[in-house]
Amino acid sequence: MLEQVSTSVKFLAFFTANTTGKTGLTVTIDIYNPSGSQIVTAGSATALGGGLYSYTLSTDNSSEGEYAAIFKTTDSTVDAQHIPSLWVLGRAGVENLDAATSTRLPSSSYTAPSTPPTASAIATQVRSELTTELNRLDTNVGSRAASGTLASDVTAIKAKTDGLNLDRVNNTATLSHLGNLLAQANS
């Protein structure tokens, strides 16, 4: 059994005789705290009925850990004269369980997460978006320079360069031409 520290806990034991619950017993209990110290010696257990006996520990329960108990009877007709019982206090984060779950956010106050999309649904969505983006490319990229603003700019630049007087450039000696002239002069 698991509970918060400093909380009353009820230890239980079931005594049998010939495998049937045994009533009318005088039952005592010894309880040990997590450090192994005996905190209850020969406490009086209460008969609940049908062979079930209980003892409530309401003090000396402020340490985290295992509280071990042994229910005892001197009656030799029972199948076992000593019955163990255990409570675990404050372990496994139980100290953080400080309110009833019914006090938490009611289901009407939130929206349940939607079912995640399947791989097929994702693929369909990607294809759809890709098709939309590809449709924005309305002409072959290689044909872009042949029309529109870029084409008129290229035409204007060509008109200027065609009008250049290249006579002087054509009559300018190149290094290769000078080399040939020198070679002829030296021969």
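The values are calculated or read from the model by the stated rules, or taken from the named source; none is laboratory data. Please read all numbers here as calculations on a predicted model, not as lab measurements. Every residue, glycine as well, gets a Cβ built from its backbone with ideal geometry; the counts of neighbours run over all protein chains shown. Areas reflect the complete protein model, heavy atoms only, side chains present, ligands, DNA and RNA absent. Shrake-Rupley method; radii C 1.70, N 1.55, O 1.52, S 1.80 Å.
Condition check: at pLDDT 95 or above, among the aliphatic types (A, V, I, L, M) and open to solvent by 60 Å² or more (accessible area, probe 1.4 Å). Does Leu57 satisfy that? So Leu57 does not fit the description; no.
Consider segment 1-22 and keep the residues that are among the charged types (D, E, K, R) and under 17 Å from Tyr53 (Cβ atoms). The one that is surrounded by the most Cβ atoms within 10 Å (Cβ to Cβ) is Lys22.
For segment 135-148, the candidate set comprises residues that are open to solvent by less than 100 Å² (accessible area, probe 1.4 Å) and assigned to a helix (DSSP H, G or I); within that set, the residue that is modelled with the highest pLDDT is Gly148.
Each residue in segment 38-73 was checked for being over 25 Å from Thr19 (Cα atoms) and among the β-branched types (Val, Ile, Thr), and 5 pass. With the requirement that a residue be of a type outside the set (A, V, I, L, M) and open to solvent by less than 50 Å² (accessible area, probe 1.4 Å), what does segment 37-49 give you? Gly43, Gly49, listed by residue number. For the criterion of being modelled with pLDDT of 70 or more, assigned to a strand (DSSP E or B) and not hydrophobic (A, V, I, L, M, F, W, C), Pro117 fails.
Pairing residues of segment 8-24 that are in contact (Cβ under 8 Å) with a residue 40 or more places away in the chain with residues that are among the β-branched types (Val, Ile, Thr) and open to solvent by less than 50 Å² (accessible area, probe 1.4 Å), at Cβ distances under 6 Å and at least 6 apart in sequence or on separate chains, gives Ala13/Ile83; Phe15/Val78; Ala17/Val78; Lys22/Thr16; Lys22/Val78.
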